[in-house]
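Accompanying notes for the structure given below.
The values are calculated or read from the model by the stated rules, or taken from the named source; none is laboratory data. Predicted model, so just to flag it, every value in this text is computed and none were measured. As a convention, Cβ positions derive from the backbone with ideal geometry for all residues, glycine included, and neighbour counts pool all protein chains shown.
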Amino acid sequence: MSQEQNEGQQVRFGSRFARMFGYVTPEDRSRWEQQRAQSKPNVNAIRQGAKSSLSSVMEFGERNIGAKLDAAHRVAAQQRFEESHDKVVNQRRDPNTRNIIESVDYEPKDDREEIEPDLEL
C-alpha cells in the first residue's frame with residue numbers, strides 16, 4: 001500500500017469517525033440548506049398577505065371584545081360598590097386662598113335593619 005492510499009484511507013476513516021461523534025462539515029451544512037430550500041413550500045405573496053391581514057383583523061376583534069367585556073365587568077363592580085357604600089363629601093374653605101377643598105370618602109353601608117323600640121311599661 002502506498003503512502004497516498006494510506007493517507008486517503010485515514011482521512012476517510014477520520015471523517016467517518018468524526019461524523020459518528022456529531023462533527024459537522026461546511027459541506028454538510030450547505031447540503032442541508034439546499035435540502036431545506038427545496039422542501040420549503042412555495043407560498044404565494046397574495047395568499048401570505050391575505051392570511052396576515054386576516055390574522056391581524058382577528059386579533060383586533062379579540063382585543064376589542066376583551067376590552068368591552070373588561071369594561072362591562074368594571075361597570076358592574078362599580079355599581080356593586082356604590083350600592084354597598086355611602087358617599088360622604090366633606091367641604092372646607094382654605095382661609096389663605098379662598099379655595100374650596102372637597103374630599104370624598106366612602107363608608108360601608110350599615111345593612112342592619114332598624115327595629116321599632118318596644119313599648120316599655
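Any idea how many residues of the stretch 70-97 are among the basic types (Lys, Arg), more than 26 Å from the chain's Cα centre (by Cα) and part of a helix (DSSP H, G or I)? It would help to see each step written out before you state the result.
Going residue by residue through the stretch 70-97, those that are among the basic types (Lys, Arg) are 74, 80, 87, 92-93.
From what's left, more than 26 Å from the chain's Cα centre (by Cα): 80, 87, 92-93.
Now drop any that are not part of a helix (DSSP H, G or I), which leaves 80.
Qualifying residue count for the region: 1.
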Set Ile100, Ile65: member being β-branched (Val, Ile, Thr) and modelled with pLDDT of 90 or more: Ile65
Search result, residues across the stretch 54-92 that are surrounded by 10 or more Cβ atoms within 10 Å (Cβ to Cβ) and under 16 Å from Glu107 (Cβ atoms): Arg80, Phe81, Glu82, Ser84, His85, Asp86, Val88
Only one of Glu107, Glu114 that is at pLDDT below 90, among the charged types (D, E, K, R), in a loop (DSSP other than H, G, I, E, B) and out of contact with any helix residue (DSSP H, G or I) (no Cβ under 6 Å at 6 or more places or on another chain): Glu114
